[in-house]
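Below is one structure; the comments refer to it alone.
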Amino acid sequence: MESLRQYVRDIPDFPKPGILFRDITPMLANPEALTAAVDAMAVPFVDAGVEVIAAAEARGFIFAAPLAMKLNAGFVPIRKPGKLPFDMHSFAYELEYGTDELQIHVDGVKKGQRVLLVDDLLATGGTMEACCRLLEKCDAEIVGCSFLIHLEVLGGAARLSPYQVQSVLTYGQDDEEAELSIQNRQPGPSV
Ligand SMILES: O=P(O)(O)OC[C@H]1O[C@H](OP(=O)(O)OP(=O)(O)O)[C@H](O)[C@@H]1O
Ligand SMILES: Nc1ncnc2[nH]cnc12
């Protein structure tokens, strides 16, 4: 699965200085890579009895709908404020680069339904922790959290305990250091 990494593009200082943005748009644009990514995200949960996939907009939606179809589950959107038309639960949270709030319809998930939470990327864990809190307010049974990318150094997985966390691509301390040193390298004198 490591070959999927070649479709993730690193953009330094986006959307703020100091953030190394992992851009998945090259992966999304490639049909084989996109299929492989969705398949790999589903694998740990094929026999988990998932009834509902829930995901936060916007990038979470990209993987949620194909995963729902693959796991024969429904899809329930978790949205930013002002988007959902019916009664909702809300939860405010912090991002790697800002703050936000997420909402879910009160009747989106029934009590005891088995829910798999999905997102493209786990960084600080603030977004997925907010999703977990929203599903807990619905009295759902959280089966786990499935990510395409896990940025390990930001410690997000600890915030999702006790839930099962799965990711397809992991970026650890070594990756961050190697990439930062490449970014900071000054051009040498020309000879
Ligand atoms: O683990 P965290 O620190 O919470 O970061 C991860 C979240 O950040 C990104 O979403 P973003 O809020 O940038 O919104 P988008 O999906 O609309 O691009 C990403 O898609 C995750 O949802
Ligand atoms: N470093 C990062 N790259 C891409 N998406 C992100 N969401 C939060 N942090 C991110």
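So here's what we get for this one:
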| item | result |
| --- | --- |
| From the options T127, T99, residue that is assigned to a helix (DSSP H, G or I) and among the hydroxyl-bearing types (S, T, Y) | T127 |
| Test set (1) within 15 Å of ligand 1 (Cβ to nearest atom); (2) touching a residue at least 24 places away in the same chain (Cβ under 8 Å) - G98 fails condition number | (2) |
| Selection status of G49, at positive phi and modelled with pLDDT of 95 or more | yes |
| Of residues in region 20-31 being more than 15 Å from the chain's Cα centre (by Cα) and under 13 Å from Q6 (Cα atoms), the one farthest from ligand 2 (Cβ to nearest atom) | N30 |
| Test for I11: is it within 16 Å of ligand 2 (Cβ to nearest atom), modelled with pLDDT under 95 and of a type in the set (A, V, I, L, M, F, W, C) | no |
| Residue that is surrounded by the most Cβ atoms within 10 Å (Cβ to Cβ) [pool: residues in region 51-79 that are part of a loop (DSSP other than H, G, I, E, B) and within 16 Å of ligand 2 (Cβ to nearest atom)] | E57 |
| Hey, G156 surrounded by 10 or more Cβ atoms within 10 Å (Cβ to Cβ) and either touching a Lys or Arg at 6+ places or on another chain (Cβ under 7 Å) or at pLDDT below 95 (or both) or not | no |
| Given (1) over 22 Å from V43 (Cβ atoms); (2) buried (at least 24 other Cβ atoms within 10 Å of the Cβ), index of the condition E94 fails | (2) |
| Among the candidates G82, G108, residue that is in a loop (DSSP other than H, G, I, E, B), out of contact with any strand residue (DSSP E or B) (no Cβ under 7 Å at 6 or more places or on another chain) and either at pLDDT 95 or above or open to solvent by 20 Å² or more (accessible area, probe 1.4 Å) (or both) | G82 |
| Qualifying positions in region 130-153 - in a helix (DSSP H, G or I) and open to solvent by less than 40 Å² (accessible area, probe 1.4 Å) | A130, C131, C132, L134, L135 |
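This table checks each residue for (1) within 16 Å of ligand 2 (Cβ to nearest atom); (2) under 17 Å from the mean Cα position of the chain (by Cα).
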position	(1), (2)
S90	no, no
H105	no, no
L116	no, yes
G125	yes, yes
E129	yes, yes
G144	no, yes
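The values are calculated or read from the model by the stated rules, or taken from the named source; none is laboratory data. Quantities reported herein were computed from a predicted structural model and do not represent experimental measurements. Note that we place each Cβ from the backbone using ideal geometry, even for glycine, and neighbour counts take in every protein chain shown. Accessible surface is based on the protein model in full, side chains and every heavy atom, while ligands, DNA and RNA are left aside. Shrake-Rupley method; radii C 1.70, N 1.55, O 1.52, S 1.80 Å.
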